[in-house]
Each structure stands twice: as C-alpha cells, then as structure tokens.
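Before any comments, here is the structure.
A short reminder: the numbers here are calculations on the coordinates, not readings from a lab. Because the structure is a prediction, the values reported are computed rather than measured. We place every Cβ from the backbone using ideal geometry, glycine too, and count neighbours over all the protein chains shown.
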Amino acid sequence: MAEFWMSEIIKECARQRISLAEYIIRGECENSGSTREQVIEKMGKMLDVMSSAANGGLEAPIRSNSGLTGGAAYQYHQYIGQGSSLLGTVMSSAVEMALSCSEVNAAMGRIVACPTAGSCGIVPAAVLSVGVSHQKSREDMVMALFVATGVGMVIGEHATLAGADGGCQAECGAAASMAAAAVVNLMGGSDEQALHGAAIALKNMLGLVCDPVCGLVEIPCIKRNAIGASTALVSADMALAGVQSYIPFDEVVTAMYAIGKQLPAELRETGRGGLAVTKTGLAMYETLFGTPMSL
Amino acid sequence: MNATYMTGSYSVFDITGPIMVGPSSSHTAGAARLGKIARILAHNSVKKVTFQLFGSFAQTYKGHGTDKALLAGILGLNPWDLGLRDAFSLAEKQNVEYIFEPVTKPTQQGWENYHPNTVRFLITSENGEVFDIVGCSLGGGKVRIISLNGILVNFTGESPILVTRHYDGPGIIAAITSILYQDKVNIGNMRVDRKRHSTTADMYLELDSDVTERVVEEIQKIPGMLNVILLQRINEDQSLNNIE
C-alpha cells in the first residue's frame, strides 16, 4: 500500500471517485469500527464545542488560570461592535473567535484540541467565521472539519504536531494549514485547491518558534492563534482564486519537519528562549513562580 | 474488491480532539485522565492521595492547572468536565485529603527518567488499602500507566490488561491462558517477570477484547494464584455524549 502522503491519498480518491472528506471518514470507520453516522456525529460534537469556545470570551472579559492574560477577545469584540475594525466581517470575526477559543483554553474552559490545545483557536475561527457569514449548513462545516483533519493527519504522520518537537510551526502552523484547507472546501473549492491553500498557509508559518512566557500557553500563543486564523483565510482566498503553491503540500510538510529539527531546544516549548527570556518575560516568571528563572 | 483506506498512525479524533478543559493537552487533559484511571485502579475509593510530580510536571504544574486536573481526575471527573477548575473545593466537600509533592531529586526507582511528564499516585482508600500507581502524560491527552503497586505495566486504557502475581511453578500460565481461550479472548502482548531469588512471578497480559469479572474469578481460583487485577478498557465516548 502507498504511503500516507496527500499526493497518494488524492490519487486514491480519484481512483475511487470519492472526495478527500469521504476518504478520511471511511478510513476512520475502517480503523475504529464505528459507523459512518457515528463518526460524523462525533465530528458534529467537536463543532459544537468549538462554537461554544469561539464565543465564550466575547461577551465578558475572561482571565487565564495563571492570571497572566485575558480580556483581548472581549476588547476586540467591543471594537468590532463600534464599527472600528479595519478588516471585513469574515476576517474580524475570525480574529475575535480565535482569541476567544485561546482565552477560554487558558482560563481552563472547554475546547477542542485542533490539532493541539495551544493552537485550538485557528480551525474553529476560520471555519465558523466563513460558515456563519456565508450561511453554510452544519453538515458543510462538519465536512470541512474532516478535510482539515486529513491535512493534520498527514502533517502528524510525516512531520510533527508538537511544539516540543517542531516549534510553533508544528502547532499554529499545522492548524493554519488545516484551517485553510477547510475553508477552501467549505467555499466549494476542489480538494486540489484545498491542498494548495494548506501548502500556502504552512509555508507562511515555517520557522515559527515556540517560546512561551513562563512556559504557559498564553503569551504569545493567544494572539498567534488570531493571526494564524488570518493566515488561513488569506491562503484559502488565494487558493479559491486559483492561485497555486509552487511547492506541493507534501514537500512543505517535509520542509517543516526539517526546520523543526534544526530549531534549538530553547525555541521548542521549553520556555527558555525568545520571548520567554525577554526582560518582561523573565519578570513575569519571577512574579508568577516567586523565584527567578534559572537559566 | 473491498476498498481499503490509508490512515497513518493518527486517528481522526487524535487530530481534531480531544474535547478537553485547557490549557494543555499534556499538562491538563492528560493529567486529569491519569487521575481518573488511578481512581479506577484504586477501586473508585480514595480517602487520601499524595501526588509526586516529576520532570515538567514538577516545574510548571501550577500554571497549567496540572494540580487541579490531577485532583479532579482522582475525584472521578473527566478531562472535559468544567469542574476541573473547582477541584480543590470539590475535594474538601468530598473529604478527600491531598498533597502535592514536586520531586526534583533523583529517586531510587528512577521515575523521573521515564517521561518528562510523570506522576506517582500514593493512594489510601476508604478501607485503608494502599495503592502505588505511576503514570505518564504522553501528549495530545494520551496517557500510559507504567507501574501498578510495583509491577511494571503498559496500560493506556485502549485495550484491557490483566496483571497476575502467582507462585512460580509449572502449569499456572497454561491455566490462565486456557481460561481466556474458553472465552475466545486473544492475547495481544504478554510478559512474565520473576525477580531474582523470589518464589513469585508477575505476569502481564494485554488482551484484544473485553473480559468479564467471571474470568477474573476463575483465574483467582487457580492454585498458587496470589493476586489478579483486571484493567478494563476505558470507553470515554459514551460519557462524551453527556456534554450539553
């Protein structure tokens, strides 16, 4: 059997005359022994929880468990409400939803890891901002999530989804790539276009380091989710216009993994490099843990 | 010809999922899941618990809510229960005593070397029974119990495990496997371990399908059998349906 690369999966989809979403659903059925209905219903559950998280931080400011961060989603929601946003409806609502998911996560609220908790805002923000503004059905959004998941499965298989292995490009990068593919699918683009979107988004996130202040999933993760969602939308929009990635998706995944391996440990989720060791980052560490960081 | 589908090593809901309380799948969701499994292994009865924290758990447990998550799991909550946040007050209400003990020095057993996110539960149950359970949070909310009362195991909750301690003598293993055979239970993985100068042996079996308590009772009756523990497969999908 061929290897689990997108180029092979797409060939197989063509041979079987099924869509990428359908391929991923059937694979899951075969693997888990669940029925098609059960698998689709479970993904529907994921969408419901995503939607709650995407809205949970908008109406009132929420604080993180550590007390370090909070209130950005609320602040941005107010600003949109005043008609002040520079961005259009889709993009501004994606930004507020991504902020909300990530703030809900930091506040020990309920989220869907997608692919990780640290990057949990990107796929929901992209899918829901487009889905709601374009009045897409729940079923369409669920199918888009299967496309996103297929992209994530290939990244996990041939690269990594852990910041500790590959930096932020492996978490927010993977999420943006997944989200771009989902949005292309949701807007009626082909599977090939979805993969161009996924490739374009991941290319833009290559090299992004994981340098969380105090080692917590807050600074800069929350805002990186918002901008990760915007990357996904811009990439999807280009792909829907017919713009193609010169470097195919599978090769971008390979590059991401190689770059992750080249990142020093300080920039892979250890909280010992980058923003984490700035003057302010170190001061936050000392305030939170009551002792200076031993470097 | 039946169509077959490539899937790689991740399932769909490893990528989009799990549903969990934040902020970290390894430090929060995995911690809660470990606590929940430890509670089940302690027969759902916890009077007192000491959490020994190793590696990254010892360093960052407060900020990630690892303490709340472990305790919530011990109290029976699932990784997606919002009650995780209120674990301390919930423990007080249920009269469960708890201590967190970050361990930064090397231990005799070397638990700190197994995985960066490791926790040891020392549990005293309502009737005074003591349990010593060690588990690791592997990332993405996945977990593994690596030691149960001093016996090395490999329990992820995905397939049932049978752990036996028996006098070392011919025929005992055959007796156990024939009881499983009668119930058409296949053994996926098997390990027998005898400490030097010991008259007892530990056996660890990973099973391909669920077994009933009756099987455990049958095995318990084998002459020379000292102790049988069955770790049932943990199916979280059903309780997920209760999320409003």
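Each 5 Å bin from zero up to the one holding the largest Cα-Cα distance in segment A:188-295 carries the following percent of pairs: 2, 12, 17, 16, 15, 12, 10, 7, 4, 3, 1.
For the segment A:43-51, counting C-beta atoms of other chains within 10 Å of every residue's C-beta and taking the mean gives 3. Suppose R0 equals 35 Å; then what is the FRET efficiency for residue B:199 and residue B:104 from their Cβ-Cβ distance, rounded to the nearest 0.05? Step by step, r from the Cβ atoms, then E = 0.40.
A simple spin-label model places the labels of residue A:258 and residue A:78 4.8 nm from each other, with each point 7 Å out along Cα-to-Cβ.
Summing -39500 (n - 2.57) over the DSSP H runs of n ≥ 4 in the protein assembly as shown and dividing by its residue number, what mean residue ellipticity at 222 nm do you reach, to the nearest 500 deg cm²/dmol?
Numbers: 21 runs with 243 residues, N = 539.
Result for the protein assembly as shown, helices only: -14000 deg cm²/dmol.
3J(HN,Hα) along segment B:101-112: 10, x, 10, 10, 9, x, 9, 4, 7, x, 4, 5 Hz, from the Karplus curve 6.51 cos²θ - 1.76 cosθ + 1.60 with θ = phi - 60°, whole Hz, x for Gly and Pro.
Residue separation of residue B:50 and residue B:187 scaled by 0.36 nm, minus their Cα-Cα distance, works out to 45.9 nm of gained length.
Where does helix A:221-240 land angle-wise versus the long Cα axis of chain A, in degrees 0 to 90, nearest 10? For helix A:221-240, the angle is close to 30 degrees. Which values of log₁₀ I(q)/I(0), to two decimal places, follow from the Debye formula for segment B:123-231 at q = 0.18 Å⁻¹ with a uniform point scatterer at every Cα? Listed by q, the Debye log ratios stand at -0.97. Computed from backbone phi, the HN-Hα couplings of segment A:46-57 come to 4, 4, 4, 5, 4, 5, 4, 5, 5, 10, x, x Hz, rounded to whole numbers (Karplus: 6.51 cos²θ - 1.76 cosθ + 1.60, θ = phi - 60°; Gly and Pro given as x). Computed from Cα positions, the angle between helix A:279-289 and the longest principal axis of chain A comes to roughly 80 degrees.
Summarising the label geometry, the points placed 7 Å from Cα in the beta-carbon direction at residue B:235 and residue A:38 lie 0.8 nm from one another.
What value in Å³ per residue do you get for the convex hull of the alpha-carbon atoms in the protein assembly as shown? All intermediate terms of the calculation are to be shown ahead of the outcome.
Details: hull volume 89.9 nm³, N = 539.
Normalising the Cα hull of the protein assembly as shown by residue number yields 167 Å³.
Loop-located chymotrypsin sites (Phe, Trp or Tyr not before Pro) across segment A:164-258 with a Cβ neighbour count of 16 or fewer within 10 Å are A:246, with loop assigned by DSSP.
Which values, in whole Å and largest first, are the semi-axes of the equivalent ellipsoid of segment B:46-101 obtained as the square root of 5 times each eigenvalue of the Cα gyration tensor?
On the way: eigenvalues 63, 38, 14 Å².
Equivalent ellipsoid semi-axes, largest first: 18, 14, 8 Å.
Relative to the longest principal axis of the Cα atoms of chain A, the long axis of helix A:191-205 makes an angle of roughly 20 degrees. Placing a label point 7 Å from the Cα of residue B:154 along the Cα-to-Cβ direction, the residues of segment B:185-201 with a backbone N closer than 19 Å are B:186-195. Placing a pseudo-label 7 Å from each Cα along the Cα-to-Cβ vector at residue A:293 and residue B:167 gives an inter-label distance of 6.0 nm.
Across segment A:171-177, coupling constants 3J(HN,Hα) worked out from phi with the 6.51/-1.76/1.60 Karplus curve, θ = phi - 60°, read 9, 5, x, 4, 4, 5, 5 Hz, and Gly and Pro carry x. For segment A:95-136 versus segment B:169-223, the spacing of their alpha-carbon centroids is 47 Å. For chain A, the relative contact order comes to 18 percent (Cα pairs under 8 Å, sequence separation of at least 6).
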